[in-house]
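A.B. asks: Pasting a structure here, questions to come.
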Amino acid sequence: MSFLEINDLKVHFPIRGGVLNTIKDHVYAVDGVSFSIDEGKTYGLIGESGSGKTTIGKAIVGLEEPTDGEILYYGQQVNKKRLRKKVNYNREVQMIFQDVLSSLDPKKRVRDIIAEPIRNYEKLTENQELEKILTLLNIVGMPPDALYKYPHEFSGGQRQRIGVSRAVAVNPKLIVADEPVSALDLSVQAQILNFLKMIQKDFNLSYLFISHDLGVVKHMCDYIYIMYRGRFVETGTREDIYNNPQHIYTKKLVAAIPEIDVENREALRRNRIKVEQEYSEKESLFYDQNGRVFDLVQLSDTHYVAIKNKEDLQDVENSIA
Amino acid sequence: MEDEKILEIKDLHTAFRFQDEYFDAIDDVSLSLYKNEVLAIVGESGCGKSTIANSIVGLHDKNFTKTSGEIIYNGENVLNYSEDQYNKIRGKEIGFIFQDPLASLNPLHKIGIQIEESLIYHTNLNKGQRHERMLQLLDQVGIINPKRIANQFPHQLSGGMRQRVLIAIALSCKPKIIIADEPTTALDVTIQAQILDLLTELQDEINAGIILITHDLGVVAQMSDRVAVMYAGQIVEYAETKELFSNPLHPYTRSLLQSIPQADSVGEELHVIKGMVPSLKNLVREGCRFAPRIPWILESEHEKSPMLNEVSKNHFVRCTCWKNFHFRDDGGY
Amino acid sequence: MWKTVLRRSLLMIPQLFILSIIVFALGKMMPGDPFTGLITPDIDPLRIAELKEKAGLNDPIPVQYKNWMVRILRDGDFGKSYTYKMQVSTLIGARAVNTLWLSLLTLILTYLIAIPLGIYAGRYQGSPFDKGVIIYNFISFAIPTFVLSLIFLLIFGYKLAWFPTTGSVEIGVQKGTFAYVLSKLHYMILPAITAAVLRTAGTIQYLRNEVIDAKTQDYVKTARSKGVPIDKVYTHHIFRNSLLPIAAFFGFTITGLLSGSIFIETIFSYSGMGELFISAINSRDYAVMNALVLLFGFLTLTGSLLSDIIMTAVDPRIRIE
């Protein structure tokens, strides 16, 4: 069941100028996206830098004020601070960041870092609180002596685990994870991803996974949104996106993944060049004259693509199973 | 691959000073680079892969670094080079491409000037000729409007464009060797593919040998002819790329490959390597350095002082622990 | 950019207006008035009262403020100095020229000392030279203005008698002659050196840190990897980048010099604006005081605008829109 619904969300940033410092134009960071989030599911938000994916994440947790559109939590508008407070929304939706070190207060000990959300939202005695923190540390696989250490005393992977334990401390429903493993080495990344999957089951969590790494998103996510210039170009299940991409941008993205496939690398390269060519040839079918992405058109129960005319998609009918 | 060896590294040790004590950041590294090939050096952060690159052209701060061993280029051991001698090969014979294209360009100089700079020191071209050559280089790296770009500052370009500019700088004197240190890590996937394809294309034109330093096994698989896998300052496996991916032997290589989120990993747990990469200071230098990460493998399986052994033609593996290596199935984190 | 300069200049009007109110109010709040100092047993209190009445000091304060502002805006008349018995604008004008030259010389000396010391200390970090510079910095930063001034006065003024100890020019030298200029310079050198030495610490420290920081930047590594000889790396890459923050503060530095030479001018009895300011405060010479504070305020605002303009000139990344 979906508990969070985002309708036609827009976040525009003004560009100011002139003698009177008036608004001259806007940056359309997020320009009309809609989606919903079900319990216990993982959603992937993919896009290049500047595509607006992080802005969506920030708007959802309330770090960015939407210009327009609705964010409905169980049908309640939560796009204003006052409204969020009323339904205890900030407790239910937490965020973890790529740059964990700067998201953890360097002058606080781990105990106080994790305790912060608990103190904000729950009335616990000191002993209960400590017990809870120890349980959380145990869940994320950190020893109890971590309690009285400072963030800088840990490695990148450990810090990310502290970040996660802070996020899950108040049993949220949704965690917005903004590039949570991008800065980590492969083996540490695997650790964090496994761990996120494990606590998902335990807490019945939903994730909104923001990333540019298609491998990670593919591994983690049930449903994937591909973003370009503030809008969705294609949305679908893992299979829809990776096995049957329809938008030229998605195709380019999928073709660009450096696969661990030495044997076929020449073929992959040729395909990449072919896709690049297709991209420049068919641009007008997928973007309007201002370069804006068209609205999404439904292809199957789960698969949507942004295109002017559905008829322009070749081979679509055959390839949908 | 043509069989002309252009660079040979023998028993290289590079040590850094911490509080009056030197610690080896790389230990007993031997590699060779051939004309027109891509040699990948892959490993996690801190494994020493960038240290190798800096050692080749002497970019370390000499007050804090000690190197020993040999790096043979043109029949000479460049480790004995003076700063002046180094400056004759840097940029001319050996081109460098770095990870962060924005930080790697001087923010206050126009693009054109930054490319022409190496021409000033390495060629006899006059001002007009340098300008011509610069525009030609920009064109060569796929920049559509060289004249306009040459007059812009780094911050005015996109990440991909900047990396093209860095490649143009590296190519400017038609080097015999290009060292690319994580050249695409800071870029978006689609741009990464373009840059890597460009590198391949350019290599065909100038027949340089490329040393590609990366942490991304996908990039290795797509780009390289041979690979050296590094762990804690040592090469643990060294083979042709095809061989390495079809027949990985060292436990570290196998573990890494298992921990990549891939198509077939969906729904499964990723493999996690136990423990942590040791820091330079705490590293135990005796015995197999990977042993603490695979504690279920008996001590007797490891070599006392592990060497890089040739286990099949051109396939080298350090230590003997690979022979009976098996994963533990508790996965875990 | 010119639009911004215009906008910022326009913004100065209300800022200066508010400043004028504060200045005026503060002046009125000070105990005493210009005639307090004239009170002696043999002066008739009625005469004082009469003078006060004539000077408009008995009017309600808002009326006084209005009259003051009207005269400034209509006639450019800042009033008359009670103590010097002359027009404030003439008085300040004469003093401003002295201060301006002193500041200029101070500035040149400051940079002549600070830039080489900062650059070389940064380049040869940890060397005996660097250590020497650090010690110099500590001393010049910690030493109070008056102590250093007195030491310099004692050594160079009295013991060695190289420089005059008071005044700004030899009395009796014909204005406009070369000898007059030389004499001015002669009087300026000692206060300028003193002020310069006191100011170098900040600039040296900044520059040294910038150079140390720049050395590790990737673009320096790129330059070295191009085969650029190390001396050229310093002149072409590190030097200019390290000077950026100094350039950014240039506007403020000028302002600081113009308004901040109060102590130096007073100690050296150098007849500049600073010395005038102190004596105006002591004698409750409102007209002079208010005009000077307004002038310093104007200089501060101009300095910050100047700094921004300089920044855009030297750093291509910064554009004022």
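The values are calculated or read from the model by the stated rules, or taken from the named source; none is laboratory data. Note that the structure is predicted; figures quoted are calculated from it, not measured. Because the Cβ atoms are built from the backbone with ideal geometry, glycine has one as well, and the counts that use them run over all protein chains shown. Calculation scope for accessible area: heavy atoms of the full protein, side chains included, ligands and nucleic acids excluded. Shrake-Rupley method; radii C 1.70, N 1.55, O 1.52, S 1.80 Å.
A.B. asks: Test C:D33 against the stated conditions and say whether it is modelled with pLDDT under 75 and surrounded by 14 or more Cβ atoms within 10 Å (Cβ to Cβ). Working first, answer last.
C.D. replies: On the way: modelled with pLDDT under 75: yes; surrounded by 14 or more Cβ atoms within 10 Å (Cβ to Cβ): yes.
When the stated conditions are applied, C:D33 passes them.
A.B. asks: A follow-up question, please. Just the residues that are away from chain B (no Cβ under 14 Å), assigned to a helix (DSSP H, G or I) and either open to solvent by 10 Å² or more (accessible area, probe 1.4 Å) or of a type in the set (G, A, S) (or both), please, taken from the stretch A:159-202.
C.D. replies: A:G163, A:R166, A:A167 - these are the residues of the stretch A:159-202 that are away from chain B (no Cβ under 14 Å), assigned to a helix (DSSP H, G or I) and either open to solvent by 10 Å² or more (accessible area, probe 1.4 Å) or of a type in the set (G, A, S) (or both).
A.B. asks: To continue, here is another question. Which condition number in (1) under 27 Å from A:C221 (Cβ atoms); (2) aromatic (F, W, Y); (3) open to solvent by less than 10 Å² (accessible area, probe 1.4 Å) is the one that B:Y252 fails?
C.D. replies: (1) is the only condition that B:Y252 fails.
A.B. asks: Next question, about the same structure. Looking only at residues that are within 13 Å of A:L20 (Cα to Cα) and over 22 Å from the mean Cα position of the chain (by Cα) in the stretch C:9-21, which one is farthest from the other protein chains (Cβ to nearest Cβ)? Break it down into steps so the answer makes sense when it comes.
C.D. replies: Residues of the stretch C:9-21 that are within 13 Å of A:L20 (Cα to Cα), as a first pass: C:9-11.
Filter again for over 22 Å from the mean Cα position of the chain (by Cα), leaving C:10-11.
On the way: C:L10: 8, C:L11: 10 Å.
Once the filter is applied, the top-ranked residue is C:L11.
A.B. asks: Just checking, how many residues over the stretch C:224-246 are open to solvent by less than 60 Å² (accessible area, probe 1.4 Å), out of contact with any Ser or Thr (no Cβ under 8 Å at 6 or more places or on another chain) and more than 7 Å from chain B (Cβ to nearest Cβ)?
C.D. replies: We begin by selecting, within the stretch C:224-246, every residue open to solvent by less than 60 Å² (accessible area, probe 1.4 Å); these are C:224-229, C:233-234, C:237-238, C:241-246.
From what is left, the residues that are out of contact with any Ser or Thr (no Cβ under 8 Å at 6 or more places or on another chain) are C:224-225, C:229, C:233-234, C:237-238, C:241-245.
Keeping just the survivors that are more than 7 Å from chain B (Cβ to nearest Cβ) gives C:233-234, C:238, C:242-245.
Within the stretch C:224-246, residues that are open to solvent by less than 60 Å² (accessible area, probe 1.4 Å), out of contact with any Ser or Thr (no Cβ under 8 Å at 6 or more places or on another chain) and more than 7 Å from chain B (Cβ to nearest Cβ) number 7.
A.B. asks: I'm trying to understand the selection: among the residues of the stretch B:13-24, which are free of Cβ contacts under 8 Å to residues at least 60 places away in the same chain and surrounded by fewer than 23 Cβ atoms within 10 Å (Cβ to Cβ)?
C.D. replies: Taking the stretch B:13-24 and keeping what is free of Cβ contacts under 8 Å to residues at least 60 places away in the same chain, we get B:13-15, B:17, B:19-22.
B:H13, B:A15, B:R17, B:Q19, B:D20, B:E21, B:Y22, listed by residue number.
A.B. asks: Okay, moving on. Hey, could you check the stretch A:43-79 for residues that are in a helix (DSSP H, G or I) and open to solvent by less than 50 Å² (accessible area, probe 1.4 Å) and say which is farthest from A:D31 (Cα to Cα)? Break it down into steps so the answer makes sense when it comes.
C.D. replies: Of the residues in the stretch A:43-79, the ones in a helix (DSSP H, G or I) are A:53-61.
Those still in the list that are open to solvent by less than 50 Å² (accessible area, probe 1.4 Å) too: A:53-57, A:59-61.
Numbers: A:K53: 11, A:T54: 13, A:T55: 11, A:I56: 10, A:G57: 14, A:A59: 12, A:I60: 14, A:V61: 18 Å.
Per the criteria, the residue is A:V61.
A.B. asks: Please give the helices (runs of 4 or more DSSP H) falling wholly within the stretch C:216-321 in which 3 or more residues are under 13 Å from the mean Cα position of the chain (by Cα).
C.D. replies: C:239-260, C:262-267, C:273-282, C:286-314
A.B. asks: Can you name every residue in the stretch A:80-92 that is farther than 18 Å from A:P172 by Cα and either part of a loop (DSSP other than H, G, I, E, B) or in contact with a Phe, Trp or Tyr (Cβ under 8 Å, 6 or more places away or on another chain) (or both)?
C.D. replies: The one that is farther than 18 Å from A:P172 by Cα and either part of a loop (DSSP other than H, G, I, E, B) or in contact with a Phe, Trp or Tyr (Cβ under 8 Å, 6 or more places away or on another chain) (or both): A:K80.
A.B. asks: Taking B:E301 as the residue in question, decide whether it is surrounded by 13 or more Cβ atoms within 10 Å (Cβ to Cβ), under 22 Å from the mean Cα position of the chain (by Cα), more than 11 Å from chain A (Cβ to nearest Cβ) and acidic (D, E). Lay out the reasoning, then the answer.
C.D. replies: Working: surrounded by 13 or more Cβ atoms within 10 Å (Cβ to Cβ): yes; under 22 Å from the mean Cα position of the chain (by Cα): no; more than 11 Å from chain A (Cβ to nearest Cβ): yes; acidic (D, E): yes.
The answer is no for B:E301.
A.B. asks: I'm checking my understanding of the structure. Among residues of the stretch C:78-96 that are modelled with pLDDT under 80 and assigned to a loop (DSSP other than H, G, I, E, B), which one is nearest to C:Y270 (Cα to Cα)?
C.D. replies: Let us first name the residues in the stretch C:78-96 that are modelled with pLDDT under 80, namely C:78-85.
Within this subset, residues satisfying the condition of being assigned to a loop (DSSP other than H, G, I, E, B) are C:78-79, C:81-85.
On the way: C:F78: 23, C:G79: 24, C:S81: 19, C:Y82: 21, C:T83: 18, C:Y84: 17, C:K85: 20 Å.
Filtering first and then ranking leaves C:Y84.
A.B. asks: Output the residues belonging to the stretch B:182-226 that are part of a helix (DSSP H, G or I), among the acidic types (D, E) and either in contact with a Cys (Cβ under 9 Å, 6 or more places away or on another chain) or open to solvent by 30 Å² or more (accessible area, probe 1.4 Å) (or both).
C.D. replies: So the first thing to find is which residues in the stretch B:182-226 are part of a helix (DSSP H, G or I), and the list is B:189-206, B:217-223.
Add one more test, that the residue is among the acidic types (D, E), and what stays is B:197, B:201, B:204-205.
Passing the criteria: B:E201, B:D204, B:E205.
A.B. asks: Taking the stretch B:61-89 as the region of interest, how many residues are touching a Phe, Trp or Tyr at 6+ places or on another chain (Cβ under 8 Å) and within 19 Å of C:Y219 (Cβ to Cβ)? Break it down into steps so the answer makes sense when it comes.
C.D. replies: From the stretch B:61-89, those touching a Phe, Trp or Tyr at 6+ places or on another chain (Cβ under 8 Å) are B:64-66, B:78, B:87, B:89; that's our starting set.
Those still in the list that are within 19 Å of C:Y219 (Cβ to Cβ) too: B:87.
Residues that pass the stated criteria total 1.
A.B. asks: In the stretch A:203-217, how many are in contact (Cβ under 8 Å) with a residue 60 or more places away in the chain and within 12 Å of chain B (Cβ to nearest Cβ)?
C.D. replies: Residues of the stretch A:203-217 that are in contact (Cβ under 8 Å) with a residue 60 or more places away in the chain, as a first pass: A:204-212, A:214, A:217.
Restricting the remaining residues to those that are within 12 Å of chain B (Cβ to nearest Cβ) gives A:209, A:211-212, A:214, A:217.
Matching residues across the stretch A:203-217 total 5.
A.B. asks: What residue, of A:V275, A:V217, A:V297, is surrounded by 22 or more Cβ atoms within 10 Å (Cβ to Cβ) and of a type outside the set (F, W, Y)?
C.D. replies: Details: A:V275 fails: surrounded by 22 or more Cβ atoms within 10 Å (Cβ to Cβ); A:V297 fails: surrounded by 22 or more Cβ atoms within 10 Å (Cβ to Cβ).
Every option except A:V217 fails the conditions.
Quick grid of which residues meet (1) closer than 30 Å to B:N247 by Cα; (2) under 21 Å from the mean Cα position of the chain (by Cα):
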| site | (1), (2) |
| --- | --- |
| A:G236 | no, yes |
| A:Q246 | no, no |
| A:T250 | no, yes |
| A:V254 | yes, yes |
| A:R269 | yes, no |
| A:S284 | no, no |
| A:Q289 | no, no |
| A:D295 | no, yes |
| A:Q298 | no, no |
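A.B. asks: Quick one: is C:E170 touching a helix residue (DSSP H, G or I) at 6+ places or on another chain (Cβ under 6 Å), over 30 Å from C:L243 (Cβ atoms) and surrounded by 14 or more Cβ atoms within 10 Å (Cβ to Cβ)?
C.D. replies: Working: touching a helix residue (DSSP H, G or I) at 6+ places or on another chain (Cβ under 6 Å): yes; over 30 Å from C:L243 (Cβ atoms): yes; surrounded by 14 or more Cβ atoms within 10 Å (Cβ to Cβ): yes.
For C:E170, the condition - touching a helix residue (DSSP H, G or I) at 6+ places or on another chain (Cβ under 6 Å), over 30 Å from C:L243 (Cβ atoms) and surrounded by 14 or more Cβ atoms within 10 Å (Cβ to Cβ) - is met.
A.B. asks: Do you know which residues across the stretch B:275-314 are under 22 Å from A:G156 (Cα atoms), assigned to a loop (DSSP other than H, G, I, E, B) and in contact (Cβ under 8 Å) with a residue 24 or more places away in the chain?
C.D. replies: Residues of the stretch B:275-314 that are under 22 Å from A:G156 (Cα atoms), as a first pass: B:275-284, B:289-290, B:292-294.
If we keep only those that are assigned to a loop (DSSP other than H, G, I, E, B) as well, we get B:275-284, B:289-290, B:294.
Residues satisfying the conditions are B:V277, B:P278, B:S279, B:L280, B:K281, B:L283, B:R289, B:F290, B:I294.
A.B. asks: Being open to solvent by less than 50 Å² (accessible area, probe 1.4 Å) and either hydrophobic (A, V, I, L, M, F, W, C) or not assigned by TED's automatic domain parsing to the domain that holds A:P172 (or both) narrows it down to one residue among A:L124, A:L137; which is it? Give the derivation first.
C.D. replies: Details: A:L124 fails: open to solvent by less than 50 Å² (accessible area, probe 1.4 Å).
Unique residue meeting the criteria: A:L137.
A.B. asks: Same structure, new question: Hey, can you tell me all the residues within the stretch B:60-114 that are within 11 Å of chain C (Cβ to nearest Cβ) and of a type in the set (F, W, Y)?
C.D. replies: Of everything in the stretch B:60-114, those that are within 11 Å of chain C (Cβ to nearest Cβ) and of a type in the set (F, W, Y) turn out to be B:F64, B:Y86, B:F96, B:F98.
A.B. asks: If B:V317 satisfies every condition in (1) in contact (Cβ under 8 Å) with a residue 24 or more places away in the chain; (2) farther than 21 Å from A:Q189 by Cα; (3) in a loop (DSSP other than H, G, I, E, B); (4) not acidic (D, E) but one, which is the exception?
C.D. replies: (3)
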